[in-house]
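The values are calculated or read from the model by the stated rules, or taken from the named source; none is laboratory data. Computed from a predicted structure; not experimentally measured. So basically every Cβ, Gly included, is an ideal-geometry build from the backbone, and we count neighbours across all protein chains shown. We work out accessible area using only protein heavy atoms, side chains counted, and drop any ligands, DNA or RNA first. Shrake-Rupley method; radii C 1.70, N 1.55, O 1.52, S 1.80 Å.
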Amino acid sequence: MSEAVSALGGATFEGYCILRDAGPTGMVTIRGDLGAAAFGKAVKKATGCALPKQREIVTNGGRRLAWMSPDELLLICDQGEAPGMAAALAETLKGQHALALDVSDARALFRLEGAGCREVIAKLSPANLAPGAFGPGEMRRTRLAQVAGAFHMPDESSVEIVVFRSVARYAFDLIANAARPGSEVGLFAPAP
Amino acid sequence: MLILDCPYCGIRADETELAPGGEAHLTRVGPEGSDAAFESYLFDRKNPKGVHFERWRHAAGCGKWFHAARNTVTLEVYGTYPAQVTEPPKALLAAISKKVPGWEGWQ
């Protein structure tokens, strides 16, 4: 079997935050009626994650399940696990008007680490990244300069960014440029 | 800048995250309609000076279409509501009537 590689092959940029291509990552998109009890049960059974509420992202070990829209979820998991997850979901969702698809190859995942990570994203997106308005546990779909992207904060000093693979290079360069040394603004300076 | 609350994901989205969809609450004229009615459906728009009902899509966010009521003169936004309706919610209409004396209604 051919070996999976991520969009930018583990590229790294070190500015006032460190940006990394997260390497091969599994992603499964799940669509269905999020309000239906049977849907929540089926998703929980296959993934072990509770159904996230509006804009929420829930974690279960290495798996993260994010609310993407009123009828869409995104499961982020290990690369090798994704095809099995999609199949398991298809099985538990059988009979429902729902869909689970392995989209690992269509996406790229970046990790941005550093105390200034909120500010780097704020330079590129119209989203309100002020502490209090956005924080760990929330998935925000928005745009990064000219392309669609989604991000969440695993913790206070890192951001995980999901973009389409076709724009991975653009998005990486964009974030790297926003994180370049000497371009600090000090917008969300941590409380002393 | 125009800022609208997406009724689906609850985000206060600014204009750059949204895609405009023109006038809301148009009734589609199908093959059984007359040429004049079809032409009117395609091209005739209210283009009011004042209260306007519009369709917007949260393009860079949840991707859903929704409706917005706003004023084309003052740029005041009266409210947003989901797209699964054929007419604006009564509460919103009442609120607009209160704010805009002499408003002739949405139809």
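Considering only DSSP beta bridges whose two residues both sit in chain A, what percent are antiparallel, to the nearest 5? Don't skip to the answer; put the middle values down first.
On the way: 46 of 47 bridges.
So the antiparallel bridges amount to about 100 percent of the total.
In terms of Cα to Cα distance under 18 Å, which aspartates and glutamates are near enough to A:K94, apart from those fewer than 8 places away along the same chain?
List returned: A:D33, A:D71, A:E72, A:D102.
Which residue, A:G182, A:G137, A:G26, has the most motion in a Gaussian network model of chain A that connects Cα atoms within less than 10 Å?
A:G182
Provide a list, ordered by number, of residues in segment A:41-77 showing at least 50 Å² less accessible area with every protein chain present than when their chain is taken on its own, using a 1.4 Å probe.
Buried on complex formation: A:R55, A:P70.
Suppose we compare each residue of segment B:49-91 in its chain alone and in the full protein complex with a 1.4 Å probe; which ones drop by at least 20 Å² of accessible area?
B:A60, B:G61, B:C62, B:K64
Give me the distance in nm between label points sitting 7 Å out from Cα along the Cα-to-Cβ direction at A:E156 and B:D44, one decimal.
The answer from the label model is 6.1 nm.
Starting from the Cα gyration tensor of chain B, take the square roots of the eigenvalues, sort them a ≥ b ≥ c, and report rounded, prolate or oblate (rounded when a/c is under 1.5, otherwise prolate if a/b is larger than b/c, else oblate). The partial results should precede the final answer.
Numbers: a/c = 1.87, a/b = 1.24, b/c = 1.51.
Judged from the Cα gyration tensor, chain B comes out oblate (a/c at least 1.5, b/c at or above a/b).
Carbon and sulfur atoms: what percent of the 1.4 Å accessible area of chain A do they account for? Mind showing how you got there, number by number?
Numbers: 4710 of 8880 Å².
Here it works out to 53 percent.
Multiply the residue gap between A:K53 and A:S183 by 0.36 nm, knock off their C-alpha separation, and tell me the result in nm, one decimal place.
Value of the extension gain: 43.2 nm.
Set the bar at 31 Å for Cα to Cα. Now go through A:K53/B:K46; A:K53/B:K99; B:K46/B:K98; A:K123/B:K49 and name every pair that lies beyond it. Please list the in-between numbers first.
Working: A:K53/B:K46 39 Å; A:K53/B:K99 35 Å; B:K46/B:K98 22 Å; A:K123/B:K49 36 Å.
From A:K53/B:K46; A:K53/B:K99; B:K46/B:K98; A:K123/B:K49, over 31 Å: A:K53/B:K46; A:K53/B:K99; A:K123/B:K49.
Using a Gaussian network model on chain B with a 10 Å cutoff between Cα atoms, which of B:A83, B:A60, B:A36 fluctuates the most?
B:A36
Quick one: what are the phi-derived ³J(HN,Hα) couplings along segment B:62-79, Karplus 6.51/-1.76/1.60 with θ = phi - 60°, whole Hz, x for glycine and proline?
For segment B:62-79, the Karplus curve yields 6, x, 8, 7, 8, 10, 9, 10, 8, 9, 6, 8, 8, 6, 5, 9, 7, x Hz.
Using R₀ = 30 Å, calculate the FRET efficiency as 1/(1 + (r/R₀)^6) where r is the Cβ-Cβ separation of A:A4 and A:E91; round to 0.05.
Efficiency for this residue pair is about 0.80.
Please report the spacing between the Cα centers of segment B:69-102 and segment A:36-74 in Å, no decimals.
34
Once Rh is set to the Kirkwood radius over Cα pairs, what Stokes-Einstein translational diffusion coefficient, in µm²/s, holds for the protein assembly as shown at a temperature of 10 °C and a viscosity of 1.306 mPa s? Show your work: numbers first, answer last.
Details: Rh = 21.4 Å.
Rounded, D is 74 µm²/s.
Taking chain B as a whole, which cysteines find no other cysteine Cβ under 4.7 angstrom from their Cβ?
For chain B, the answer is B:C6, because their Cβ atoms have no other cysteine Cβ under 4.7 Å.
Pick from A:L99, A:L74, A:L89: which is most flexible by mean-square fluctuation in a GNM of chain A where alpha carbon atoms under 10 Å apart are linked?
Result: A:L99 has the largest fluctuation of those listed.
With each run of n ≥ 4 DSSP H residues scored as -39500 (n - 2.57), what mean residue ellipticity at 222 nm is computed for the protein assembly as shown after dividing by its residue count and rounding to the nearest 500 deg cm²/dmol?
The helix contribution divided over the protein assembly as shown gives -5500 deg cm²/dmol.
On C-alpha positions alone, give me the angle between the axis of helix A:82-92 and the longest principal axis of chain A, in degrees, nearest 10.
Helix A:82-92 sits at roughly 40 degrees to that axis.
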